[in-house]
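No lab work stands behind these numbers, since they all come straight from the coordinates. Every value quoted in this text rests on a predicted model; they were computed, and no experiment measured them. Positions of Cβ are backbone-derived with ideal geometry, glycine not excepted, and every protein chain shown enters the neighbour counts.
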Amino acid sequence: MITPDADWWRDAVVYQVYPRAFADTTGDGVGDLGGVRSRLPYLAALGVDAVWLSPFYPSALADGGYDVDDYCAVDPALGSLDDVDGILRDAHALGMRVIVDIVPNHSSDRHAWFRAALAAGPGSPERARYVFRQGRGEAGALPPNGWTSLFGGSAWHPVGDGTWYLHLFAPEQPDFDWSNPEVREMFHDVLRFWADRGVDGFRVDVAHGLAKDLSDPLPGSSSLSMGPVGSMDAAPPPRRADGTDPLFDRDEVHEIFAGWRRVLDEYDPPRSAVAEAWVPAHRRALYARPTELGQAFEFPLLESPWCAAAFAEAIRENLTLAASVGSSSTWVLSNHDVIRHTTRYGLPPGADAVAWLMSDGGDPREDRDRGLRRARAATQLILALPGSTYLYQGEELGLPEVPDIPRSALQDPIWVRSSGSRKGRDGSRVPLPWTSTGPRFGFGPERDGSATPLPQPSWFGTLSVEAQTDDPTSTIEFYRSALTERRRRFERAAMCSIVEHGEDVLEVRRSDGVRSLTNFGDVPVPLRLAPGEVVGLSSDPSAPIPGDRAPMLPGETTAWLFDNGAGVTHTYAADPQK
Ligand code: NOJ
């Protein structure tokens, strides 16, 4: 059972489920809520504290479910509200919290409000809930301005009466007008709807996009250009980083979230929230204020190259910023929008991830062994940091990106909107392999011999849950051990300092007696244990060996050192010999 704890989110390990690719109970090839529910014991045994469910609402899937038809319902293809209630009951009984995704920047074009807006015509109160503008030129034949959508193409779509509506993402995702009180009230009701059912928290999609200034001529976004991690939202940042950009991260957005906080605080315990806000670091902390959402995803670490100095800088900055507003840090290396971190770390430095995807993963060559080795080390490093950690489904299997999905099967709107110049994010959304063999590698029954909409590669079975379970060298057992040790030894209120030893070794020194050492280089470095200190978990199962009094830390490896009860004196130093 979950125990009462208003601050649970401050150091929780949260597992992101992308429901349509997690587990399928019906055999239609699409994951569903029954599948999520059936796998909750797996997640509890993995050792996570909470589950974040990406959208499961009715949707035409123009953007993987982030085009919501109805915020208070379940897509019939995925189940029903009873299934959500069942997930909440079971998760709570297993000691896990549940977070749901809220998508407030836009609805889908099938939402009842948008249909009503189209029917009601220009100037109506129904249209005032969205961002309609008169087109330019004769009969409004041209878009109101030259703004482009993050998915490519114009950010405006004509409706045939001389007016156009704004969509920062796909045309099927019309943007709400958040200056309209009706919109604010509707979302307060949505939060209450889910909180009343027992949902513990919310992940807030495009939190930095809600407030807009359409009178500003500055183009707010250029065509999508995928950032270093192949992510969609990572670029472009707001043109102005002072709260006055016309489309992103405007100061007025904070008043909206102060209103959300008042709603979240109506509950006991107050509901948590985490902002997805791709904004400059100094602006991110504003979303995480206790008077607003409380937490914001830390993306600079996700975007950092494999380099001790880059990691150290991102970590220090985030710890400082989070502390400055009374929040806790929020670490993340993978999600459904970016190339999986096993693959990112396996590509040569500076590789163009978008071009790599377009080559079906052929050029440059991905070094999967190295990528996995680094991914495990990076995961163990972030798990040692104070704050909460967000894991993405499949990373506990060390899954790499699937780069060679047939073009005819691609579903991400980025593929079409970029006229086939960018494949988008489908490679991280392929259905999970649960078994080594058998129909759909255990993802679900095979009803008609067909593949899942995003086909699983033939090698997926070798990385399945079944293939890795009980193998002490496997990635899944590594995650289980790391989460067990974290729960057992780490104190929520622990302070930490980040210490760099030479160019390659990064130490996280925690006040609860645990130290984490990561060697970013290729060359092993000797470790000198302090009195009372023992080698604990390592991301490389073969070294350093627990009990060894003169251990070596291999390259691209993280090790945790524990206080064995005798009291650590903290004189330890990693000694990179280069
Ligand atoms: C961020 C979500 O994570 C992404 O998947 C989606 O495409 C955009 N927001 C638009 O909702």
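Among the DSSP beta bridges whose two residues both lie in the chain, what percent are antiparallel, rounded to the nearest 5?
So the antiparallel bridges in the chain amount to around 55 percent.
Can you give the convex hull volume of the alpha carbon atoms of the chain per residue, in Å³?
142 Å³
Compute the distance from the alpha-carbon center of region 54-121 to that of region 10-26, in whole Å.
Rounded to whole Å, the Cα centres lie 15 Å apart.
How do LEU517, LEU391 rank when sorted from fewest to most other Cβ atoms within 10 Å of their own Cβ?
Lowest count first: LEU391, LEU517.
Rounded to whole Å, give me the distance from the Cα center of region 306-335 to that of region 462-509.
17 Å
Mind running the shape call on region 146-185? Use the C-alpha gyration tensor, a ≥ b ≥ c as the square roots of the eigenvalues: rounded below 1.5 for a/c, prolate if a/b tops b/c, oblate otherwise.
oblate
Rounded to the nearest 500, what is the 222 nm mean residue ellipticity of the chain from helices alone, with -39500 (n - 2.57) per DSSP H run of 4+ residues and division by all residues?
Here the helix-only value at 222 nm equals -7000 deg cm²/dmol.
Would you mind pulling out the separation of the Cα centroids of region 126-204 and region 276-304, in Å?
That distance is 23 Å.
In whole Hz, with x marking every Gly and Pro, tabulate ³J(HN,Hα) for region 47-52 from phi via Karplus 6.51 cos²θ - 1.76 cosθ + 1.60, θ = phi - 60°.
Result, ordered by residue: x, 7, 9, 8, 10, 9 Hz.
Could you give the dipole magnitude of the chain about its Cα centre, charging the beta-carbon of Lys and Arg +1 and that of Asp and Glu -1, in debye to the nearest 20?
Computed about the Cα centre, the dipole is about 580 debye.
With the contact rule set at Cα under 8 Å and sequence spacing of 6 or more, what percent relative contact order holds for the chain?
Relative contact order here is 12 percent.
How would HIS341, HIS92 line up from fewest to most surrounding beta-carbon atoms within 10 angstrom?
Fewest to most other Cβ atoms nearby, the residues stand as HIS92, HIS341.
Would you mind putting 521-529, 374-382 in packing order, based on average other-beta-carbon counts within 10 Å, highest first?
The packing order, highest mean first, is 374-382, 521-529.
Give the angle, between 0 and 90 degrees and rounded to the nearest 10, that separates the Cα long axis of helix 475-489 from the longest principal axis of the Cα atoms of the chain.
Tilt of helix 475-489: around 80 degrees.
Students often check this: by mean Cβ neighbours within 10 Å, which of 133-142, 33-42 ranks highest, and how do the rest follow?
Packing proxy ranking, top to bottom: 33-42, 133-142.
Quick one: plug the Kirkwood hydrodynamic radius of region 112-166 (C-alpha pairs) into Stokes-Einstein at 20 °C, 1.002 mPa s, and report D in µm²/s.
Rounded to a whole number, D works out at 188 µm²/s.
Defining a contact as two alpha carbons under 8 Å apart and six or more residues distant in sequence, what relative contact order in percent does region 112-166 show?
It rounds to 29 percent for region 112-166.
What's the extension gain from ARG528 to ALA73 if we count 0.36 nm per residue and subtract their Cα-Cα distance?
Extending this stretch completely gives an extra 158.1 nm.
Would you work out which of VAL30, GLY259, ASN519 lies farthest towards the positive end of the dipole of the chain? Charges go on Cβ: Lys and Arg +1, Asp and Glu -1.
It is ASN519, whose Cα lies furthest towards the positive end.
Name the long-range amide H neighbours of GLY521: under 5 Å, sequence gap of 5 or more, or other chain; modelled H, no Pro or chain starts.
Hits under the 5 Å cutoff: GLU556.
Determine, for each peptide in 399-408, 205-214, 355-364, the mean count of other beta carbons within 10 angstrom over its residues, then list the peptides with the highest first.
Peptide ranking by packing, descending: 205-214, 399-408, 355-364.
Using the charge dipole of the chain (Lys, Arg: +1 at Cβ; Asp, Glu: -1 at Cβ; taken about the Cα centre), state which of THR320, GLN295, GLY555 has its Cα farthest towards the positive end.
GLY555
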